[in-house]
Each structure stands twice: as C-alpha cells, then as structure tokens.
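Single-structure report; data block below.
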Amino acid sequence: MFAVHGIRDFGEWREELRRELEKHGIVLVKVTYGYFDLLRFLFPFALFRRAVIAKVARQVRSAQRAFPNARFSYIAHSFGTYVVANMLLDDPWFQADRIIFCGSVLKYDWPLSQLRSSYDPPLLNEVGSSDLWPSVAASVTWGYGAAGSLGFNQPNVCDRWHLGGHSLFLTADFARRFWIPFLLDGTVVESDNTPERPSILVRLLRIVSIKYCVATVVLVAASYLLWQQPFSPCDKKWLNETQFDQCFREARNRLADVDRNQRKYPAAVEGRLSYFGLGSPEYKARWIYQPTRFSDFCWDMRTRLTRPDFNEWNRRASKAGFDLVYMQSFIDQDRIEQVQASWAFVGEWPPGRDCRIE
C-alpha cells in the first residue's frame, strides 16, 4: 500500500495508518516529495507539480521492482490525489489493485475512465461535507478541482460522503472502519451520514472563480495604466535637464495630429540636485492630459526664476488671462530656489493675440 500525503505535510498520519494496516497483513510503503509549500501549490503552471509527480513515480517504480509479485494499492490525500492520478495517467506501467482518494483536488470531470486498465474499480473517493479546501484550490488557481468537496459523480467511482473537513479521514479509527474492508475484498462500507448539501461558501466558490476575478482586475488595471501613461520612459523617473526637455517636447508633439486637449503635460514636478552629476538639476514628473479648458499651450518660461520673480510673473500671467500649467523647482548650488514654469490661455484664443505678458 502506497500512501501519498498533501501539501505542507510530511505525512505524520501515515505512521498511525501503518500500524492499523499491518494488523491485517497490509504493508504500508511511504513515499514522499518533501514539504510542498502553498506558493508552489498555487503556481498556475505545472512546472513544480510535474517535478513532484516524477519524484513520487521514481519511488513507486523502485518499490514495484523490488516486489514484482506484490499487489499495490494507493491511498492519497489532498494534493497527493493529483500526484497519483497524473502518475497513473502518464505511465501505464503503473498498476494498482485499489485506489482511495480523500480530500481530492482533482476536477470532477478528470478523465478517470482512462485509468480503468490501471486499477480494480471502483475508485473510492472520500468526500467531506465541510471540506472547503478543494473548492478553494479550484477557485484560486488553475489545474485543480473540487472532487473532495463535491464528488466526482462518474461511473466506476464511489463517492462516499462524511460529515467533516479536510483531515477527517486521517485516523486509525477511520481506516479500520472504512478502508481496510475495501482494501481486503473491495467492500464499500456505507457511511452513517446522510449526504449534506455543501456549505454556502463551497457553493459560492463553485459559481465565482477567484482566479478569473483577480485576472480580470489585473487586466483592467494594467490596461488603465497603459492608457493613462503612454510616456513610460519619462514618467516618474529622475531625468537630467536634457532628458526632461526631450520628454517635454515629445509630450507636446506626440499627439499633434489629434485634439490638443489630448496632449500630455507634466504635473507634480519634483526637482533636486543629482548625487552623481556634480550638483546638476534633475526632474521627475507625472504626465497628465492637458485640461480641456486650455485652448492652447501658449507660453513657456524656460529660464530659471527665483521664487519672488516667479510670483511676480505668475501674478502678471493671471491678470492677462493665463493659467499656470506646470512648474518645476529645485535648490541650486547656492541654496537658492530656482523655478521654471509654463502658462496657457483660458478659453478661446482671441484672433490676432500673441502670447506676450506685460
């Protein structure tokens, strides 16, 4: 008898099971793939899972070669059911007398019919009416199912329902009552429990797939960010003065053939003296669309102004009907704040008017 454990589990329960099985002449062979953490279990691709299957297959193959005339059966719990089922499916060399799954994370429509030549039916599937974890695994990531919560409901499979959770089955008393008769002569002992309707949460997880909800949110968020920030080489990065001016020109000219209101301009500009450029200024900005109330980007003050001079220019611009579009400031080597700014005219541009501010 091979016993294969689940994730985050070294299979300590198998020692209690071994003692009970040996009372009835059944030898338990422990196979293990070590500690399998939750991150690898949830990883949506089969890379880590295939490595586990291969590791268990090597151990099973070694045991079967050592005892070529023995009849081998399998008890698998949780992720162990995924390992055993795929191992038997991948290689017809592996044969089984009986198969018992409990807390299975296989899909309800997993192709068990393809294993009929590999074991003596029926396959016994223990289902816990309050076992939430197979449903969680099926809802959170790809490749798993909720057969341990909802059953297989397939031919040649006996779904036996119990009142309990994910680890209900891993005791000597349970093995003595339910598994040993099945392993000895195929007798399926009826459970005392009438099958209950799965919990509300299990039924909800069957309807609402968390993985698809998360994937949709990520896709929408990524699409939004890409749409909002097409100037990624410039956005929120420290740039020297030449690089910032280049980004500024590209932002103004990139959408020259479309509505001016769709052009982008820098906002929330930060300035600093670079650490590695001998005190030269650097800028970091978040680029936003020009507000629709500006009819045109009119006037740039690219020269550096002290704060008092900037305040005076800003007063004059406001008086002339201009609004401040963006500004950048930094502290120079003399510890004096320097400011650069741009203004745009509010409303429709008067015919014949220039951008002069008196």
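Throughout, read-outs are computed from the coordinates displayed, never taken from laboratory work. Keep in mind that this is a model prediction, so the values were computed, not measured. Don't worry about glycine lacking a Cβ; one is built from the backbone with ideal geometry, like all the others, and counts go over all protein chains shown.
Some points to look at:
- With a Förster radius of 51 Å applied to the C-beta separation of Tyr35 and Lys237, the computed FRET efficiency comes to 0.75.
- Centroid-to-centroid separation of the range 93-130 and the range 132-193 [C-alpha atoms, Å]: 10
- Coordinate range along principal axes, alpha carbons of the range 2-215, Å, largest first: 51, 40, 31
- If R0 equals 45 Å, the separation of the Cβ atoms of Arg307 and Val218 corresponds to a calculated FRET efficiency of about 0.55.
- With eigenvalues of the C-alpha gyration tensor scaled by 5 and rooted, the range 1-117, Å: 22, 17, 13
- Once the chain from Phe45 to Ser318 is taken as fully extended at 0.36 nm per residue, the excess over their C-alpha distance is 92.3 nm.
- Of all lysines in the structure, the ones whose alpha carbon falls short of 23 Å from that of Lys237, not counting any fewer than 8 places away in one chain, are Lys264, Lys284.
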